[in-house]
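The values are calculated or read from the model by the stated rules, or taken from the named source; none is laboratory data. All values derive from a computational prediction rather than experimental measurement. Here the Cβ is made from the backbone with ideal geometry for all residues, glycine too, and neighbour counts use every protein chain on show. Remember, those area values only see protein heavy atoms, side chains included, never the ligands or the DNA or RNA. Shrake-Rupley method; radii C 1.70, N 1.55, O 1.52, S 1.80 Å.
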Amino acid sequence: MGRKVILTGDRPTGRLHIGHYVGSLRRRVELQDSGTFDDIFVMIADAQALTDNADNPGKIRDSILQVALDYLAAGLDPAKTHIFIQSQISELTELTFFYNNLVTVQRLQRNPTVKAEIQMRGFNEDVAQDNKAGIPVGFFCYPISQAADITAFKATVVPVGEDQEPMLEQTREIVRKFNATYAPVLVEPEILLPDNASCMRLPGTDGKAKMSKSLGNCIYLSDDAPTVSAKVRGMYTDPNHLQVSDPGKVEGNPVFTYLDAFCRDEHFEKFGACFQGRKASFEFHNLDEVKAQYRAGGLGDVMVKNFLDAVLQDTLQPMRERRARFEQDLPYVVEVLRQGTEAARAVAAQTLAEVKRAMRINYFEPEGGLI
Ligand code: TRP
């Protein structure tokens, strides 16, 4: 029986939003509390965040505590989960250095996530015209560093969003190549995707495909109640649903996508009053009934948004309370990170030693001696 180990993480480029929560964080807390894993590591990937923020290390630095607070607020428990900071584990860079030799430039160029990110960041603009353009080598190679993150802990399961699938594929290739070339010390990880399609990629409040800070369309886990309400009230819906009596569209309507991601049947008992108005009143027991009525016409966006607001507040309020408590005790949060990093480092060092033995670059160990 092999060990069951989770490794996952986030780039610290700001506070986490509800897309992070339904895409991965909520699942991590469930897995943590399931008690079926031997070890769980959650990494704040500051070194990876620097691969496209080299000129702005302050942003990354400032985000580390924010992400740690979001983790603790969401329910990650340092007694069960090692929360650690990537850059403080130099073993990861050493592993990356050796894995670099197992991957070709051509293979990295084919990585769909790297391709998309290069496009998005405009790295490919004419280098001759602008000496700031071009692809940073560290950025281009980050899939290899991510393989080091995952394999250092011999992770078997990596819960992430679907955009990370190419990273996992790259990691599995490196594992196979390493094990075949040297000795079978690395473990092939499996990706664990959200089971609910709406959680794969939560759209922004403006209906754009992705919730992203630069688009200003995020609801943050740490937003206070009035901020969340205002953002929900301003959400994009079906642009053709002009009159309440008009039939409405559920597909591609972010209000319904959020409900798909957050709403449970018990929310109808708790917040059914949202659907009782002076002009029209409905009694719904589940989301399918709401969708059917919206499609048929007669159900206004305001009611649906009020209900979504109630559901989101219900989900976020306990997190806000926990966050506020941890914000009062930042030295505790730092200590969590220090201890998590120490525990993670011990495991990574063990794997690195095995890797060096497999490659026979352990020249000063008795069994690896040069003579
Ligand atoms: N690439 C991930 C992201 O952008 C962050 C990350 C870095 C990660 N290393 C990892 C995720 C290892 C899972 C496993 O969110």
Inset, instruction - Could you check how many residues of the range 74-118 are outside any helix (DSSP H, G or I) and among the polar types (S, T, N, Q)? - result: 3
Inset, instruction - Would you check which residues across the range 225-240 are under 19 Å from Met319 (Cβ atoms) and out of contact with any helix residue (DSSP H, G or I) (no Cβ under 7 Å at 6 or more places or on another chain) and list them? - result: Pro226, Thr227, Ala230, Lys231
Legend entry - Residue under evaluation Gly2, criteria (1) assigned to a loop (DSSP other than H, G, I, E, B); (2) surrounded by fewer than 22 Cβ atoms within 10 Å (Cβ to Cβ); (3) modelled with pLDDT of 95 or more, criterion not met: (3)
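Is it true that Glu367 is open to solvent by 20 Å² or more (accessible area, probe 1.4 Å) and at pLDDT below 95? First the steps, then the outcome.
On the way: open to solvent by 20 Å² or more (accessible area, probe 1.4 Å): yes; at pLDDT below 95: yes.
Criteria met by Glu367.
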Inset, instruction - For the range 141-150, enumerate the residues that are of a type in the set (Val, Ile, Thr) and within 10 Å of the ligand (Cβ to nearest atom). - result: Ile150
Inset, instruction - Evaluate the range 155-164: report whether one residue or more is more than 18 Å from Phe41 (Cβ to Cβ) and more than 11 Å from the ligand (Cβ to nearest atom). - result: yes
Inset, instruction - Scan the range 165-186 for residues that are under 20 Å from Ile89 (Cβ atoms), surrounded by fewer than 19 Cβ atoms within 10 Å (Cβ to Cβ) and within 14 Å of the ligand (Cβ to nearest atom) and report the count. - result: 0
Legend entry - First in the range 31-56 and at pLDDT 95 or above and among the basic types (Lys, Arg), second anywhere and open to solvent by less than 40 Å² (accessible area, probe 1.4 Å) and more than 10 Å from the ligand (Cβ to nearest atom), Cβ under 8 Å, 6 or more apart: none
Inset, instruction - Only residues that are touching a Pro at 6+ places or on another chain (Cβ under 6 Å) and either in a strand (DSSP E or B) or away from the ligand (no atom under 14 Å from the Cβ) (or both): list them for the range 11-50, please. - result: Ile44
Legend entry - All positions within the range 15-24 that are open to solvent by less than 20 Å² (accessible area, probe 1.4 Å) and either of a type in the set (Ser, Thr, Tyr) or at pLDDT below 95 (or both): Gly19, Val22, Gly23, Ser24
Inset, instruction - Count, please, the residues in the range 198-224 that happen to be over 29 Å from Arg325 (Cβ atoms), part of a loop (DSSP other than H, G, I, E, B) and touching a helix residue (DSSP H, G or I) at 6+ places or on another chain (Cβ under 8 Å). - result: 7
Legend entry - Of all residues making up the range 277-336, the number that are among the polar types (S, T, N, Q) and either surrounded by 15 or more Cβ atoms within 10 Å (Cβ to Cβ) or part of a helix (DSSP H, G or I) (or both): 5
Inset, instruction - State the number of residues belonging to the range 84-110 that are open to solvent by 10 Å² or more (accessible area, probe 1.4 Å), touching a Leu at 6+ places or on another chain (Cβ under 7 Å) and among the hydrophobic types (A, V, I, L, M, F, W, C). - result: 1
Inset, instruction - Answer yes or no: is there a residue in the range 183-196 that is in the same structural domain as Gln350 (by TED's automatic domain parsing), under 26 Å from Leu76 (Cα atoms) and either in contact with a Cys (Cβ under 7 Å, 6 or more places away or on another chain) or polar (S, T, N, Q) (or both). - result: yes
Inset, instruction - Can you run down the residue pairs with Cβ atoms below 6 Å, 6 or more apart or on separate chains, where the first is in the range 253-277 and acidic (Asp, Glu) and the partner is part of a loop (DSSP other than H, G, I, E, B)? - result: Asp265/Asn286
Legend entry - Which listed residue is farther than 30 Å from Pro203 by Cα and either of a type outside the set (Phe, Trp, Tyr) or open to solvent by 60 Å² or more (accessible area, probe 1.4 Å) (or both), from Thr113, Thr81, Thr151: Thr151
Inset, instruction - Take Gly340 and decide whether it is assigned by TED's automatic domain parsing to the domain that holds Lys249, in contact with a Phe, Trp or Tyr (Cβ under 9 Å, 6 or more places away or on another chain) and touching a residue at least 40 places away in the same chain (Cβ under 8 Å). - result: no
